[in-house]
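One structure is given below, encoded as structure tokens.
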Amino acid sequence: MRSLAAHQIRCLIAGLLLTLSCALAAAQPADMVLVNGRIVTVDDRFTIAQALALRGERIIAVGSSEEIARLKGPATRVEDLAGRTVIPGLIDNHAHYMRAAEYWHREVRLDGITSRKQALEQIAEKARASKPGEWVPVLGGWSEEQFTDDKRPFTRQELDAVAPDNPVVLQLLYVRIFVNSAASKALGIDAETADTANMKIVKDDKGAPTGVLNGGGAIGLMRSKLGEVARDKMVENARALARDLNRMGVTAFQDQGGSGVKPSHIDAFRALAERHQLTVRSFYNYYEEPASPADVDKLVGRIAAITPFQGDDWFDLTGYGETLYFPVHDALLVQAANPTPEAMALWRRLGVAVAERGLHLNVHAQLHGSIVAFLSEMEAINKIRPVKGLRWTLSHLDQVEAPDLERMKRLDLYAQIHSRPSIQGGLMRKVHGERSYAMPPLRLIQDSGVPWGLGSDATAVTPTNPFYTLWWAVTGKMLGGTKVLDQTISREEALIAHTRSNAAFLFQDGNLGSLAPGKYADLLVLDRDYLAVPADEIKDIKPVMTLVGGKVVYEASAR
Ligand SMILES: [Zn+2]
């Protein structure tokens with residue numbers, strides 16, 4: 001009795017001390033307050049507040065301007081929003097930024113450019129700024145379908161005209177490259193060159209290469225000619241890329257590796273994290289491309305040694321993805337996927353290894369044939385080692401159907417959906433016809449109850465701008481204005497999917513995704529109201545200020 005009473009008194013005192021310390025903490029002034037705005041918190045009730053206060057890296061209060069003003073001290077920075085809208089920092093759940101950083105200084109980006117003439121001008125400008133012989137590469141994120149003036153494929157002659165002295169290459173998704181004469185020469189391709197298993201050289205009726213090279217082999221060949229980038233330069237590029245992401249509104253991402261990703265790509269971001277110089281939270285999955293039974297044998301051993309979550313809230317390894325057995329990694333611009341039982345047996349071996357290690361898994365799955373094959377294997381794996389709680393995820397899901405979503409729910413699977421039709425919607429229509437208007441079936445996914453989030457799949461497939469993704473999800477349009485998707489969602493649903501829902505893939509639910517006391521102050525002050533502008537303007541929204549962990553990482557010069 002005595003000891004229980006003593007214990008209760010001790011608890012009482014401890015409780016009083018805790019209350020007191022909380023009161024003291026609240027009495028400390030904020031480092032920054034944002035007042036007189038429209039704070040779209042994206043909390044569970046989608047609360048809209050007027051003001052927000054932060055101290056250090058985290059939000060300490062959200063409320064009315066009057067309430068928040070009380071947290072001001074003599075050194076507090078006061079930001080009068082003058083009615084501007086604030087949203088949580090946008091999280092890209094599926095990107096290939098680490099690989100992209102390598103050539104970020106050389107690359108020409110055609111992000112959002114809807115005129116072919118302007119695209120050619122960009123290339124000409126980069127060529128003029130380069131030494132003769134230096135590569136001028138456009139490494140994806142565009143398609144000719146986005147041009148409103150001329151949608152024809154690029155020709156060797158027109159690329160020669162804008163850049164006669166530099167090898168020019170335009171990578172289209174992962175399917176094709178367009179090259180000028182100098183690039184053709186640098187790649188060693190002429191009238192005599194024969195096709196290979198994964199590269200087809202398109203030739204005119206006289207047998208001369210047209211400048212169009214089809215197949216993944218052409219992309220690999222081109223990348224091998226771009227040259228190595230020194231480590232210091234790679235780190236500098238990673239910093240520049242992070243700044244560009246901040247400017248566009250991205251404050252965190254999950255990297256999915258991808259073909260050609262190297263340890264040096266990841267190291268560049270790690271170096272910035274170690275120097276506390278990262279301005280975008282960078283999470284990544286372990287990526288490999290096993291293509292034979294021998295590859296699978298070796299990878300099983302390496303998976304058993306993967307140890308995620310040894311980093312921090314800026315830089316961390318989250319799991320394994322986005323491909324298990326590479327021969328069944330499907331392509332969207334083909335009719336159908338029919339994985340063989342032999343290939344799926346190897347896929348399952350790797351899946352079991354990932355499950356047994358207790359790792360999060362992300363699997364690229366676009367066509368219905370792949371989706372059902374992977375679901376069957378996941379159900380079988382779940383019987384050996386339950387996967388609930390690991391947040392296993394299917395990425396892209398262009399052809400997912402209602403029964404597949406039901407199976408996903410039973411296994412507690414998550415879904416990542418990407419704005420790829422904003423670039424390739426026109427090409428998808430040519431391959432998949434009417435069905436492409438429901439690819440991916442956004443409305444069905446939103447209503448299914450499967451936890452899901454929105455991302456880009458940048459930079460080879462799409463641009464990096466997250467407002468293009470929100471715009472596509474709400475309007476169903478691709479860049480250039482063509483309607484490519486009927487299954488649209490509301491702007492509130494899209495915003496939740498690009499913020500709070502995406503925190504789950506990073507295992508950062510308690511820290512990121514909404515504006516609430518205790519969460520990191522990762523937020524965007526916007527130049528216009530996301531919830532009120534005409535839907536077509538969503539793609540043009542720009543942050544005027546971006547904060548990550550309470551620090552201003554971007555501020556527009558003219559405001
Ligand atoms: Zn993918």
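Bear in mind these aren't lab numbers, they're just calculated from the coordinates by the rules spelled out. Every value quoted in this text rests on a predicted model; they were computed, and no experiment measured them. Glycine also receives a Cβ, built like all others from the backbone with ideal geometry; neighbour counts cover every protein chain displayed.
ARG349 fails exactly one of the following numbered conditions: (1) touching a strand residue (DSSP E or B) at 6+ places or on another chain (Cβ under 8 Å); (2) farther than 20 Å from LEU442 by Cβ; (3) not in a strand (DSSP E or B). What is the number of that condition?
All conditions pass for ARG349, except number (1).
Pull out all pairs, ordered by first then second residue, where Cβ-Cβ is under 6 Å, the residues are six or more apart or on different chains, the first lies in the range 268-283 and is closer than 20 Å to GLY455 by Cα, and the second is polar (S, T, N, Q) and in a helix (DSSP H, G or I).
Taking only residues 6 or more apart or on different chains, the pairs are THR279/ASN246.
Of all residues in the range 279-297, how many are over 27 Å from HIS396 (Cβ atoms) and either among the basic types (Lys, Arg) or surrounded by 16 or more Cβ atoms within 10 Å (Cβ to Cβ) (or both)?
So the count comes out to 1.
Is it the case, given these coordinates, that ILE68 is among the hydrophobic types (A, V, I, L, M, F, W, C) and assigned to a strand (DSSP E or B)?
no
Can ASP313 be described as part of a loop (DSSP other than H, G, I, E, B), charged (D, E, K, R) and either closer than 25 Å to HIS396 by Cα or out of contact with any Ser or Thr (no Cβ under 9 Å at 6 or more places or on another chain) (or both)?
Taking the combined requirement at face value, the residue satisfies it.
Go through the range 444-456 and count every residue that is within 16 Å of the ligand (Cβ to nearest atom) and surrounded by fewer than 24 Cβ atoms within 10 Å (Cβ to Cβ).
Residues in the range 444-456 being within 16 Å of the ligand (Cβ to nearest atom) and surrounded by fewer than 24 Cβ atoms within 10 Å (Cβ to Cβ): 0 in total.
Taking the residues in the range 373-407 that are of a type in the set (Gly, Ala, Ser), surrounded by fewer than 22 Cβ atoms within 10 Å (Cβ to Cβ) and more than 24 Å from the chain's Cα centre (by Cα) as candidates, determine which candidate is nearest to the ligand (Cβ to nearest atom).
Among them, the one singled out is SER376.
So for the range 265-273 (the condition being within 16 Å of the ligand (Cβ to nearest atom), closer than 24 Å to LEU245 by Cβ and buried (at least 21 other Cβ atoms within 10 Å of the Cβ)), does at least one residue qualify?
No: zero hits.
Is it true that GLY311 is within 16 Å of the ligand (Cβ to nearest atom) and either more than 27 Å from VAL525 (Cα to Cα) or crowded, with 17+ Cβ neighbours inside 10 Å (or both)?
For GLY311, the condition - within 16 Å of the ligand (Cβ to nearest atom) and either more than 27 Å from VAL525 (Cα to Cα) or crowded, with 17+ Cβ neighbours inside 10 Å (or both) - is not met.
I'd like to know if the range 257-264 contains one or more residues that are in a loop (DSSP other than H, G, I, E, B), more than 30 Å from MET439 (Cβ to Cβ), away from the ligand (no atom under 14 Å from the Cβ) and of a type outside the set (S, T, N, Q).
Looking through the range 257-264, at least one residue is in a loop (DSSP other than H, G, I, E, B), more than 30 Å from MET439 (Cβ to Cβ), away from the ligand (no atom under 14 Å from the Cβ) and of a type outside the set (S, T, N, Q).
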